[in-house]
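Readers should treat all values here as calculations from the given coordinates under stated rules, not as data from a laboratory. Treat the numbers as computed from the prediction; the structure is a model and nothing was measured. Here the Cβ is made from the backbone with ideal geometry for all residues, glycine too, and neighbour counts use every protein chain on show.
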Amino acid sequence: MIPFRVIRELNLKCFIILLTLTVILLLVFSKTVYSENLYFGTTIDQEKESGYHYLSKDLQALQDDDFLNPGIFSIDLGRELWQKKDGEKGFSCASCHQDAAESMTGIAAGYPKIDTNKGKLVNLELMINNMRAEHMTAKPYLYESEEMLALTAYLTDQSRGYPLQVKTNGPAKVFFEKGREFYFQRRGQLDLSCNQCHDDLAGQKLRGDTISQGQVEGFPIYRLMWRSSASRHRMFAWCNSALRAEPFQLGSEEYLNLELYLAWRGKGLLIGAPGVRR
Amino acid sequence: MIKHLRGLIFTSLAFLLINSSTSLSEENLKFSLSKFNGNPLRGKAIVKDINNVTCLICHILPIPEEPNHGKIGPSLIGVGSRLTKERLRRQLIYPKALNPKSIMPSYFQIKELYRVSVKYVGKSIYTAQQVEDVVAYLFSLKENQD
């Protein structure tokens, strides 16, 4: 017979060993989670949430209803523009790409990406203008023009439900790193960086407004405050101005880099354009 | 003569502070930044001004007539009982002196900022007098008063 005291001691030892093991396991586990989210600021335990998540019920309903969502008109115009012949050669997008519902599915989810011909980072807007210049000899659309917003909305709509999935390695790496630097750089008279609000304080209230994670999968959005559709870059510029920082040009390298970083940051979020935002 | 001298001291002190925001000694903070003492009533008006960067964006204040006080920073109700005037002044001038990671803007800083928009280059969020007015207002907020 083993005395009771020995059993108790054994039990204690077992308990201590188990506890140590659990702690080690937890540490290893949290380490892997951490390294996956290495660049996601301090919100390593926070799930990715679309801006939709932070909307009021009313606005969510507005976005969900394809008959009421004001962003849908833009898609309709985009569908027309896809077919419209333009430029000296008399081509339309459809002349080469045919039915966007087939040729363009999932494409928008991969932008911004490297334009292999030029070795430069391009987003959907810049790619459209490249195509117009090179293959249609048509004039470029202005960045925030109704046409550009419409065509990007139409193309993004062909990727609805596809997860954001951008490449950040190879030639894209240098742009990605710059974008990340931008995101963590304090700027403006208010001396704030993007991550301080959109990583650390998402979900909290700035006066009446809820701070979102600043995800980009709902763009082009329809912004009620502006009563118009808006691109990702317009939103960047607005956010910068709100910090009393000098914004960059829409379509600038700086915003392209930031867009790549944000698209990577939102990896896996499903394209939900046109989002409705305050 | 003495009046002029006083003005000169105030101006140079303000100049010194605005230019060396990182070296805030307790000694400097004992003095008002401006020629005139802070006025709590004016301070309250500044804090309520939605066109400027207002405390209400992030803090709760005993101003029930204004809706939607922010909740990011600590509540400022009764802050005058908890913090000294010097401490409040320091917090407004350069909050990063105590917490380098602070998200609170520095209300009296014009240097060492990145890409300030043209409209605001060389300007601090508050003037010296506005800092003093807000300090006076915040210091007037005592516990069990409201």
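What is the log10 of I(q)/I(0) for chain A, computed with the Debye formula using one identical point scatterer on each Cα and no solvent, at q = 0.11 Å⁻¹?
Relative scattering, expressed as log10 I(q)/I(0), comes to -0.67.
To the nearest 20 debye, what charge dipole does chain A have about its Cα centre, counting +1 at the Cβ of each Lys and Arg and -1 at the Cβ of each Asp and Glu?
820
How far apart, in nanometres, would the label points at A:Ser145 and A:Gln46 be if each is projected 7 angstrom from Cα along the Cα-to-Cβ direction?
Placing both labels 7 Å along Cα→Cβ, they lie 3.8 nm apart.
In the range A:69-228, with Lys and Arg counted as +1 and Asp and Glu as -1 at Cβ, which of these residues, A:Gly110, A:Ser193, A:Gly208, has the Cα nearest the positive end of the dipole, that is, farthest along it?
A:Ser193
Just to be sure I understand: with springs between alpha-carbon atoms less than 10 Å apart, which residue in A:Phe67, A:Phe184, A:Phe175 has the highest mean-square fluctuation in the Gaussian network model of chain A?
Between A:Phe67, A:Phe184, A:Phe175, it is A:Phe67 that shows the largest mean-square fluctuation.
Given a cut-off of under 8 Å on Cα pairs at least six residues apart, what relative contact order in percent is computed for the range A:151-217?
Over the range A:151-217, the number comes to 17 percent.
For chain A, set up a Gaussian network in which alpha carbons nearer than 10 Å are linked by springs, and say which option among A:Met104, A:Met131, A:Met235 fluctuates the most.
Judging by the Gaussian network model, the answer is A:Met131.
Dipole size in debye (nearest 20) for the range A:56-168 around its Cα centre, Lys and Arg Cβ +1, Asp and Glu Cβ -1?
Working: 12 positive and 17 negative charges, 117 e Å.
Dipole size: approximately 560 debye.
So how much slack lies between A:Ser252 and A:Val174, counting 0.36 nm per residue of separation and subtracting their Cα-Cα distance, in nm? Mind dumping the intermediate values first?
Numbers: separation 78, 0.36 × 78 = 28.08 nm, distance 1.56 nm.
So the chain would gain 26.5 nm between A:Ser252 and A:Val174.
Once amide H atoms are built 1.01 Å from N in the peptide plane, which residues 5 or more positions from A:Arg187, or in another chain, come under 5 Å H to H?
Here the answer is A:Leu192, A:Ser193, since their amide H atoms fall under 5 Å of that of A:Arg187.
For A:Thr116 and A:Thr20, what does the FRET efficiency come to when R0 = 60 Å and r is the distance between their Cβ atoms, rounded to the nearest 0.05?
Calculated value: 0.70.
Work out the charge dipole of chain A with +1 on the Cβ of Lys and Arg and -1 on the Cβ of Asp and Glu about the Cα centre, then indicate which of A:Gly90, A:Leu164, A:Pro70 is farthest towards its positive end.
It is A:Leu164, whose Cα lies furthest towards the positive end.
Positive end of the charge dipole of the range B:64-107 (Lys, Arg +1 and Asp, Glu -1 on Cβ, about the Cα centre): tell me which of B:Ile103, B:Gly78, B:Pro67 has its Cα farthest that way.
About the Cα centre, the residue reaching furthest to the positive side is B:Ile103.
Modelled label-to-label distance, A:Asp58 and A:Ser103, 7 Å Cα→beta-carbon offset: nm?
Once both label points are built, they end up 4.3 nm from each other.
Using the Karplus curve 6.51 cos²θ - 1.76 cosθ + 1.60 with θ = phi - 60°, what ³J(HN,Hα) values do you get for each residue of the range B:133-143, in whole Hz, with x for Gly and Pro?
Computed from phi, the couplings for the range B:133-143 are 5, 5, 4, 4, 5, 5, 5, 7, 7, 9, 4 Hz.
Within 10 Å of each Cβ in peptide A:231-243, how many partner chain Cβ atoms are there on average? Round it to a whole number, please.
For peptide A:231-243, the averaged partner shielding equals 1.
Please report the orientation-averaged projected area of the range A:41-162, defined via the convex hull of its C-alpha atoms, in nm².
Dividing the Cα hull surface by four gives the mean projection, 9.7 nm².
What is the mean number of Cβ atoms from other protein chains located within 10 Å of the Cβ atom of each residue in peptide B:109-117, rounded to a whole number?
Mean partner shielding for this stretch: 6.
Work out the FRET efficiency for A:Ser95 and B:Leu98 from their Cβ-Cβ distance, taking R0 = 60 Å, and round it to the nearest 0.05.
0.40
I want to verify a result. In a Gaussian network model of chain A, Cα cutoff 10 Å, which of these has the top mean-square fluctuation: A:Lys118, A:Lys178, A:Lys48?
With Cα springs under 10 Å in chain A, the top fluctuation among A:Lys118, A:Lys178, A:Lys48 is at A:Lys118.
Show that you can apply the helix-only estimate: for chain A, add -39,500 (n - 2.57) for every DSSP H stretch of four or more residues, divide by all residues, and state [θ] at 222 nm to the nearest 500.
One gets -14000 deg cm²/dmol as the mean residue ellipticity at 222 nm.
Which order, highest average first, do B:82-89, A:269-276 follow once you tally other Cβ atoms within 10 Å for each residue and take the mean per peptide?
Details: B:82-89: 18.0, A:269-276: 22.4.
Ranking the peptides B:82-89, A:269-276 by packing returns A:269-276, B:82-89.
Quick one: check the C-alpha center-to-center distance for the range A:235-249 versus the range B:55-121, whole angstrom.
Going from one Cα centre to the other spans 21 Å.
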